[in-house]
Amino acid sequence: MSRIENQPAAYIKHQLPGRVRLKIPQKKGDYRYFDRIAELFAGCPGITQLQLNPQAASLLICHGMDTGFSAIAEFAQINSLFTIVEQVPEETFSIPHLPIAKLTSTGFNRLDESLLDFSQGLLDGRSLLFLALVGLSISQIGKGRFMAPAASLLWYALTLLKEENEKTFDLDKYLRH
C-alpha cells in the first residue's frame, strides 16, 4: 500500500488473529479525528468491535476471522483515515554507569516529563506527590487520626508546595534581570 500525501501514518503495535492495535502518533489527543474514525468505521464491513483511545493515539480493531485486516486497512486508506506504514523503531534505553543518586534523579526526571506529556502540562511529579499527600492526610483525618499521621502528611505536602513557589519566585527574579 503506497502512502497518500497528507494522510496520517498508522503502524501496527500488535496483532493477533481477528484483532489488531494501531498507533497513529501524529493524531495523539485529536478527539475529532478519532470521532471521524468511529463514524466511518461504523460502515466498514467485517469490524466487530472498535476501541478508540485518542489520548494514547491508538485504536483496537476486532474483526471477523473471514475478514482480513488488509480489507480494513484498504477501507481506511480509501476513506483518507490513515495509511499503514512500517513501525519506526523505538529508541532503546540503556542504563548508564552513574551513581545511584544520579540514576534515581534521572528516573524521576523522566517520570516527570512523562507525566507532563500525558497530562498536557497539567501534572508533574511534584504535583502528583502533593495531591497524594493531601489525599492521605484527608484519609487519616477521616479515621480520626488528627495529629501524628495527618499533620505529618499535610506538613510534607505544604513543604512541597512552598518549595515549588520559592522556585517560581526565584525564576521570576532571574527573568527580570
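The values are calculated or read from the model by the stated rules, or taken from the named source; none is laboratory data. These figures come from a predicted structure and were not determined experimentally. Please note: Cβ atoms are built from the backbone with ideal geometry, for glycine as well, and neighbour counts cover all protein chains shown.
Is there a residue in region 18-33 that is polar (S, T, N, Q) and within 15 Å of GLN77 (Cβ to Cβ)? Before the answer, list the steps.
Taking region 18-33 first, the residues polar (S, T, N, Q) are 26.
Remaining after also requiring within 15 Å of GLN77 (Cβ to Cβ): none.
Scanning region 18-33 turns up no residue that is polar (S, T, N, Q) and within 15 Å of GLN77 (Cβ to Cβ).
When you scan region 143-159, do you find a residue that is modelled with pLDDT of 70 or more, polar (S, T, N, Q) and farther than 30 Å from ALA56 by Cα, even just one?
Within region 143-159 (the criterion being modelled with pLDDT of 70 or more, polar (S, T, N, Q) and farther than 30 Å from ALA56 by Cα), the answer is yes, since at least one residue qualifies.
Out of curiosity, is THR104 under 27 Å from the mean Cα position of the chain (by Cα), under 29 Å from GLN120 (Cβ atoms), at pLDDT below 90 and assigned to a helix (DSSP H, G or I)?
Details: under 27 Å from the mean Cα position of the chain (by Cα): yes; under 29 Å from GLN120 (Cβ atoms): yes; at pLDDT below 90: yes; assigned to a helix (DSSP H, G or I): yes.
Yes; evaluated as a whole, the condition is true for this residue.
For residues that are closer than 15 Å to ILE84 by Cβ and not in a strand (DSSP E or B), tally how many sit in region 5-47. Lay out the reasoning, then the answer.
So the first thing to find is which residues in region 5-47 are closer than 15 Å to ILE84 by Cβ, and the list is 7-15, 20-27, 37, 41, 44.
Restricting the remaining residues to those that are not in a strand (DSSP E or B) gives 7-8, 24-27, 37, 41, 44.
Selection size over region 5-47: 9.
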